[in-house]
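Engineer: Got a structure for you, questions after.
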Amino acid sequence: MENQLFDQGILRSMPSINASLHPSPKDSRPQDILSWNAHTISDAIQKERSITCRELMMATLDRIDRINPKCNAIILLKDRQTLLEEATKADEDLLLPLNRGWLHGIPIAIKDLSNAKGIPTTMGGSRLFADTGPATYNDLFVANLIQNGAIIIGKTNTPEGGLGSNTFNDIFGITRNPYNLSRSAGGSSGGAAVAVATGMLAVADGTDNMGSLRNPAGWNNIYSLRPTAGLVPMDAVPETKSVAASVMNHPASTPGPMARTPKDAAMLLQCMVNDLNTFEAKSPFAKKQLPEVPIRVGWLGDWHGYLAYQDGVLNHCQRALERWRDVSSTTDCIVEVCNVHDTFPLFPFEQLWSAYNAVRFATTLEKYSQYFDVDHLIAQRGKLIKEELAWELEQGKSVTEDELGRAKEVHENFCRWLQHVMQEFDALALPSAQVWPFSVDLRYPEQIGEKAVDTHHRWMEVCVPVSFAGLPCVTLPAGFNEDKRLPMGIQLFGRRGDDTNLLRLADSYHELTSDSRSYIAFVESGKADLAE
């Protein structure tokens, strides 16, 4: 049975996604500007001059005042008068013969794991970092955003240490899903995803180790891109002697963009990279680069029975891909969806899980050992640090050199398997999470169907293949489930360096399907908790 929302015509009866998210600035009132995509806002500021940076900032802050108390996405918001002065200065700069970036005058809040000068970095409301004071420098990709004209207004909420795909912490509290305020927004980029979905921000940055860009994008019905690991600069001098570097040829984590359209995600990625020789946003959408043969998407599903899913998740995502396939048949970008296991034996997932965790736990231990007495932190579990972090530090202490050696061998074997499979497929697909958004009263789900969840992160096991191989992965909104109007997403991933192709495919999906409805459009149906 098709998704009930679509069966009842709720989404079909709403205005076109293009009409709701791509209005003409000349036909819209200033208070409507937050429903525009970032491309439209940028053009309205710099080309049409139909809105001012100050108008945009005022609308943004007014919307944050109305919506943020309900969902708690944005934290550490800077003083209103200071931000309005920064916006006014951006307007004045438009009168000067300066090179202006695409983000000129556009407000952005940085995920609270990254440094933005003048704003505290609490590492997700961690008591270890709560009193460190404002950051004295910008992380490299944050500096790139500012160089491209962004106005940094504050931070977005994230769980302590970025651990766990559920955004809550003891200092700033819970970030709630705007479609159902009793449900989780996902994480660890949960604050960023909610801010974009609700129109408090047009675009936002996130980071991703084990699904932290993918899970919240899916659960908030927006797009994200986990770029090829290493594409977005994190530090001026990349770390080459880390545990991750000893096992893999790429960083374990990466920053990436979140947006309501693939084109906005591409432009934000260009600003984060800030090197057109490395990534240029227009190339994914050039007409001449449309494929001349069908695009083959390989569906991995439950990985031949290994992955457990909550009822409805797997079929829901598969139907979304099939709708894309069906509607693409009359276009220039024809999509075929095939089961990978019909052609190839699947890589043993238990090897991926074991190897990934060896690197993850050892990396967590390495990170905290640089600044703290780890034994003291573990002794203060539940007080100074959350229980899940204490457990990961304990696991890190037990990781051996032999285990890391085996993890390196698994990584090499998995990359060879991927290279073989990707000769037959243009992209591979999995759900973005194994469960629907769960109650905010839970730290993490303890059961998936009849299968018990034995760790705080096992329910996001579906994100390990992309993470362990450092692959680029775009999250596609898959629409809403049948009875509780809860969103889900799809991971669409490809070879390392294939970011451009994935964004092109995401743009096809966005233009051809109605699964990519944003929160802003959904409000018009009266079916969202934050409808005003």
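Engineer: Which residue out of Arg296, Arg360, Arg381, Arg319 is at pLDDT 95 or above and more than 25 Å from the chain's Cα centre (by Cα)? Working first, answer last.
Structural biologist: Values: Arg296 fails: more than 25 Å from the chain's Cα centre (by Cα); Arg360 fails: more than 25 Å from the chain's Cα centre (by Cα); Arg319 fails: more than 25 Å from the chain's Cα centre (by Cα).
Checking each option against the conditions leaves just Arg381.
Engineer: Here's a follow-up. Please verify whether Ser165 is assigned to a strand (DSSP E or B) and at negative phi, treating the condition exactly as stated. Spell out how you get there, then give the answer.
Structural biologist: On the way: assigned to a strand (DSSP E or B): no; at negative phi: yes.
For Ser165, the condition - assigned to a strand (DSSP E or B) and at negative phi - is not met.
Engineer: Tell me, yes or no, whether the stretch 136-153 has at least one residue that is buried (at least 24 other Cβ atoms within 10 Å of the Cβ), of a type in the set (Val, Ile, Thr), modelled with pLDDT of 95 or more and assigned to a loop (DSSP other than H, G, I, E, B).
Structural biologist: no
Engineer: So if I check each of Thr60, Thr82, Thr52, which one is at pLDDT 95 or above and surrounded by 21 or more Cβ atoms within 10 Å (Cβ to Cβ)? Explain how you work it out, then say what you get.
Structural biologist: Details: Thr82 fails: surrounded by 21 or more Cβ atoms within 10 Å (Cβ to Cβ); Thr52 fails: surrounded by 21 or more Cβ atoms within 10 Å (Cβ to Cβ).
After applying the criteria, what remains is Thr60.
Engineer: Hey, which of the helices (runs of 4 or more DSSP H) in the stretch 369-454, taking only ones fully inside, have at least 2 residues that are more than 23 Å from Ser467 (Cβ to Cβ) and open to solvent by less than 80 Å² (accessible area, probe 1.4 Å)? Let's see the steps before the verdict.
Structural biologist: Values: elements: 374-379, 387-398, 401-421.
Correct list: 374-379.
Engineer: Next question. Looking at (1) closer than 26 Å to Pro437 by Cβ; (2) surrounded by 24 or more Cβ atoms within 10 Å (Cβ to Cβ), find the lone condition where Asp499 falls short.
Structural biologist: Single failed check for Asp499: (1).
Engineer: Give me a count of the residues in the stretch 463-486 that are surrounded by 24 or more Cβ atoms within 10 Å (Cβ to Cβ) and in contact with a Pro (Cβ under 6 Å, 6 or more places away or on another chain).
Structural biologist: Selection size over the stretch 463-486: 2.
Engineer: Something else now. Residues Asp139, Asp91, Asp112: which one is touching a residue at least 60 places away in the same chain (Cβ under 8 Å) and touching a Lys or Arg at 6+ places or on another chain (Cβ under 7 Å)? Explain how you work it out, then say what you get.
Structural biologist: Numbers: Asp139 fails: touching a Lys or Arg at 6+ places or on another chain (Cβ under 7 Å); Asp91 fails: touching a residue at least 60 places away in the same chain (Cβ under 8 Å).
After applying the criteria, what remains is Asp112.
Engineer: Taking into account only those residues within the stretch 302-332 that are part of a helix (DSSP H, G or I) and in contact with a helix residue (DSSP H, G or I) (Cβ under 7 Å, 6 or more places away or on another chain), which is surrounded by the fewest Cβ atoms within 10 Å (Cβ to Cβ)? Let's see the steps before the verdict.
Structural biologist: The initial filter retains those residues of the stretch 302-332 that are part of a helix (DSSP H, G or I), namely 313-328.
Now restrict to residues that are in contact with a helix residue (DSSP H, G or I) (Cβ under 7 Å, 6 or more places away or on another chain): 324, 327-328.
On the way: Trp324: 25, Val327: 16, Ser328: 21.
Taking the candidates together, the pick is Val327.
Engineer: Please name all residue pairs, on different chains or six or more residues apart, with Cβ atoms under 8 Å, provided the first residue is in the stretch 366-387 and is of a type in the set (Ser, Thr, Tyr) and the second residue is modelled with pLDDT under 95 and surrounded by fewer than 11 Cβ atoms within 10 Å (Cβ to Cβ).
Structural biologist: none
Engineer: Go through the residues of the stretch 86-108 one by one and say whether even a single one is farther than 21 Å from Leu442 by Cα, in contact with a Cys (Cβ under 9 Å, 6 or more places away or on another chain), assigned to a helix (DSSP H, G or I) and small (Gly, Ala, Ser).
Structural biologist: Yes, there is a match, as at least one residue in the stretch 86-108 is farther than 21 Å from Leu442 by Cα, in contact with a Cys (Cβ under 9 Å, 6 or more places away or on another chain), assigned to a helix (DSSP H, G or I) and small (Gly, Ala, Ser).
Engineer: Any idea which of Thr198, Thr156, Thr207, Thr175 is β-branched (Val, Ile, Thr), buried (at least 24 other Cβ atoms within 10 Å of the Cβ) and touching a Ser or Thr at 6+ places or on another chain (Cβ under 7 Å)?
Structural biologist: Exactly one residue qualifies, and that residue is Thr175.
Engineer: List pairs: first in the stretch 305-319 and touching a residue at least 40 places away in the same chain (Cβ under 8 Å), second among the hydrophobic types (A, V, I, L, M, F, W, C) and part of a loop (DSSP other than H, G, I, E, B), Cβ under 6 Å, 6+ apart or cross-chain?
Structural biologist: Correct list of pairs: Gln310/Val435; Gln310/Trp436.
Engineer: In the stretch 464-493, which residues are among the small types (Gly, Ala, Ser) and either at pLDDT below 95 or over 14 Å from the mean Cα position of the chain (by Cα) (or both)? Break it down into steps so the answer makes sense when it comes.
Structural biologist: Restricting attention to the stretch 464-493, the residues satisfying the condition of being among the small types (Gly, Ala, Ser) are 467, 469-470, 478-479, 489.
Ala469, Gly470, Ala478, Gly479 - these are the residues of the stretch 464-493 that are among the small types (Gly, Ala, Ser) and either at pLDDT below 95 or over 14 Å from the mean Cα position of the chain (by Cα) (or both).
Engineer: Out of the helices (runs of 4 or more DSSP H) lying entirely within the stretch 204-282, which hold 1 or more residues that are without any contact (Cβ under 8 Å) to a residue 60 or more places away in the chain and over 16 Å from the mean Cα position of the chain (by Cα)? Steps first, answer last, please.
Structural biologist: Numbers: elements: 214-219, 243-247, 262-273.
In the stretch 204-282, 243-247 are the helices (runs of 4 or more DSSP H) which contain 1 or more residues that are without any contact (Cβ under 8 Å) to a residue 60 or more places away in the chain and over 16 Å from the mean Cα position of the chain (by Cα).
Engineer: Follow-up question, since we're still on this one. Starting from the stretch 440-451, keep only residues that are among the acidic types (Asp, Glu), then list their pairs with residues that are outside any loop (DSSP other than H, G, I, E, B) whose Cβ atoms are within a distance under 8 Å, requiring at least 6 positions of separation or different chains.
Structural biologist: Glu446/Ala452
Engineer: Would you pick out the residues in the stretch 54-89 that are of a type in the set (Asp, Glu) and touching a strand residue (DSSP E or B) at 6+ places or on another chain (Cβ under 8 Å)? Spell out the reasoning first.
Structural biologist: Start the filter on the stretch 54-89 by keeping residues that are of a type in the set (Asp, Glu), which leaves 55, 62, 65, 79, 85-86.
Correct list: Glu86 only.
Engineer: Looking only at residues that are part of a loop (DSSP other than H, G, I, E, B) and under 14 Å from the mean Cα position of the chain (by Cα) in the stretch 170-200, which one is farthest from Thr513 (Cα to Cα)?
Structural biologist: Within the stretch 170-200, the subset part of a loop (DSSP other than H, G, I, E, B) is 170-172, 175, 178-179, 185-189, 198-200.
From the residues that got through so far, the ones that are under 14 Å from the mean Cα position of the chain (by Cα) too are 185-189.
Numbers: Ala185: 23, Gly186: 24, Gly187: 25, Ser188: 27, Ser189: 25 Å.
Per the stated criteria, the residue is Ser188.
The values are calculated or read from the model by the stated rules, or taken from the named source; none is laboratory data. Quantities reported herein were computed from a predicted structural model and do not represent experimental measurements. Note that we place each Cβ from the backbone using ideal geometry, even for glycine, and neighbour counts take in every protein chain shown. The accessibility values were calculated without ligands, DNA or RNA, using every heavy atom of the protein model including side chains. Shrake-Rupley method; radii C 1.70, N 1.55, O 1.52, S 1.80 Å.
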